[in-house]
1. Do the conditions hold for Pro176, that is, is it in contact (Cβ under 8 Å) with a residue 40 or more places away in the chain and surrounded by fewer than 19 Cβ atoms within 10 Å (Cβ to Cβ)?
2. On the basis of being under 17 Å from Leu13 (Cα atoms), without any contact (Cβ under 8 Å) to a residue 60 or more places away in the chain, over 18 Å from the mean Cα position of the chain (by Cα) and not assigned by TED's automatic domain parsing to the domain that holds Ile10, does Lys219 make the cut?
3. Here are Gly62, Gly34: which of them is in contact (Cβ under 8 Å) with a residue 60 or more places away in the chain, farther than 23 Å from Thr145 by Cα and either assigned to a helix (DSSP H, G or I) or more than 16 Å from the ligand (Cβ to nearest atom) (or both)?
4. Contact list please: Cβ distance under 6 Å, first residue in region 273-296 and touching a residue at least 24 places away in the same chain (Cβ under 8 Å) and away from the ligand (no atom under 16 Å from the Cβ), second residue part of a loop (DSSP other than H, G, I, E, B) and not hydroxyl-bearing (Ser, Thr, Tyr), pairs at least six apart or on different chains.
5. Need at least 2 residues that are under 11 Å from Gly40 (Cβ atoms), assigned by TED's automatic domain parsing to the domain that holds Thr50 and more than 16 Å from the ligand (Cβ to nearest atom) per element, so show me which helices (runs of 4 or more DSSP H) inside region 87-141 make the cut, counting only ones lying wholly within it.
6. Does region 271-284 include one or more residues that are open to solvent by 10 Å² or more (accessible area, probe 1.4 Å), among the aliphatic types (A, V, I, L, M) and in contact with an Asp or Glu (Cβ under 8 Å, 6 or more places away or on another chain)?
7. Does Lys94 count as modelled with pLDDT of 95 or more and open to solvent by 90 Å² or more (accessible area, probe 1.4 Å)?
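The values are calculated or read from the model by the stated rules, or taken from the named source; none is laboratory data. In this text the structure is predicted, and so the values were computed from the model without any measurement. All Cβ positions, even for glycine, are placed from backbone atoms using ideal geometry, and neighbour counts span all protein chains on display. These area figures cover heavy atoms from the full protein model, side chains too; ligands, DNA and RNA do not enter into them. Shrake-Rupley method; radii C 1.70, N 1.55, O 1.52, S 1.80 Å.
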Amino acid sequence: MKYYTTVNDIKDLDGLIHEAISMKKNPFAFSDLGKNKTLGLIFLNPSLRTRLSTQKAAINLGMNVMVMNIDKEGWALEMEDGAVMNGSSVEHVKDAAAVLGQYCDVIGIRCFPSLQNRKDDYSEKVLLKFMQHCKVPVVSLESATLHPLQSLADLITIKQNWKEKRKPKVVLTWAPHIKALPQAVANSFSEWMCQADMDFTITHPAGYELCEDFTKGAKMEMNQSKALVGADFVYVKNWSSYRDYGKMLPVDSDWMLTNEKLKITNNAKILHCLPVRRNVELSDEVLDGNNSLVLEQASNRLWAAQAVLKKMIENKSEQLNTFLKGEEIIHY
Ligand code: CP
């Protein structure tokens, strides 16, 4: 595996999940695989889970790890090709990425969207620049539009908590928040649920429709109560508007998830990627209740990252990345 940026980069999804679960059972089975290989983790935005789970995953595989909060510790990056750099930016991303590629065998990059310019964000401008110029395998640690390591952990968590023969009903519900957040986790979860062929419903207030590129195969239900009927898993997440890009739109009913609302579900298990705004997105009683899977989900981030890194350092087969075909962006 050369790039891990979307579910479409995975040839064998069941195989990857199997690999992650086998890592969970035996974390150090491949502790020599990454010997003398270096993972560089580059953050343009904050992180707790992604940073530490990916770092630990690499250590379990015997890799060396370097971490840089490039937004705070690096030179101010210029992203525009052909820019006359006589302003505040000090180093062009093409130079920075090329240099990082000299030091690392695999690079992880976190680059959130601006939420100002939809075209720029949804073209994955920053991620692509790193991928084009570093020349080594790249794993997305959450990009402008997707969070594939999170989604792999989410899918592992659902699979391990579902024993029935029928497909589980999975509901992604929009939740309130005090600030505008990216659509990446919701886009990504939707993309993965559709790929995994779940019975999948998305519910949100008017104006919060996600980009259709990621929701093909999902059922849409604008009424949260109707959506929750019979749910086996409920994924709670806020996102800002895609249509009125990056905006928080007025919402006329209470979308915070409570135990009362969950009574109509099939004793649903609860997921959230964290960090979470308690008693804003969902109540303490839900988060701390017996049906909450949030800690298991966060724990599974480790096995998701370890399975992906293992595939990358094995590098058994070359792959054509979804985002890259020469210089052309084909995903959007
Ligand atoms: N869920 C998640 O990606 O958490 P962090 O932002 O802390 O990495």
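1. Working: in contact (Cβ under 8 Å) with a residue 40 or more places away in the chain: yes; surrounded by fewer than 19 Cβ atoms within 10 Å (Cβ to Cβ): yes.
The answer is yes for Pro176.
2. On the way: under 17 Å from Leu13 (Cα atoms): no; without any contact (Cβ under 8 Å) to a residue 60 or more places away in the chain: yes; over 18 Å from the mean Cα position of the chain (by Cα): yes; not assigned by TED's automatic domain parsing to the domain that holds Ile10: yes.
No: the conditions fail for Lys219.
3. On the way: Gly62 fails: in contact (Cβ under 8 Å) with a residue 60 or more places away in the chain.
None of the other options fit; the residue is Gly34.
4. Qualifying pairs under 6 Å: Val280/Pro176.
5. Details: elements: 93-103, 118-122, 125-134.
Those helices (runs of 4 or more DSSP H) span 93-103, 125-134.
6. No: region 271-284 contains no residue that is open to solvent by 10 Å² or more (accessible area, probe 1.4 Å), among the aliphatic types (A, V, I, L, M) and in contact with an Asp or Glu (Cβ under 8 Å, 6 or more places away or on another chain).
7. Details: modelled with pLDDT of 95 or more: yes; open to solvent by 90 Å² or more (accessible area, probe 1.4 Å): no.
No, not satisfied.
Every residue, every condition in (1) in contact with a Gly (Cβ under 8 Å, 6 or more places away or on another chain); (2) open to solvent by 10 Å² or more (accessible area, probe 1.4 Å); (3) among the charged types (D, E, K, R), yes or no:
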site: Glu124; (1), (2), (3): no, no, yes
site: His147; (1), (2), (3): no, no, no
site: Val170; (1), (2), (3): no, no, no
site: Pro182; (1), (2), (3): no, yes, no
site: Ala186; (1), (2), (3): no, no, no
site: Ala206; (1), (2), (3): no, yes, no
site: Cys211; (1), (2), (3): no, no, no
site: Val229; (1), (2), (3): no, yes, no
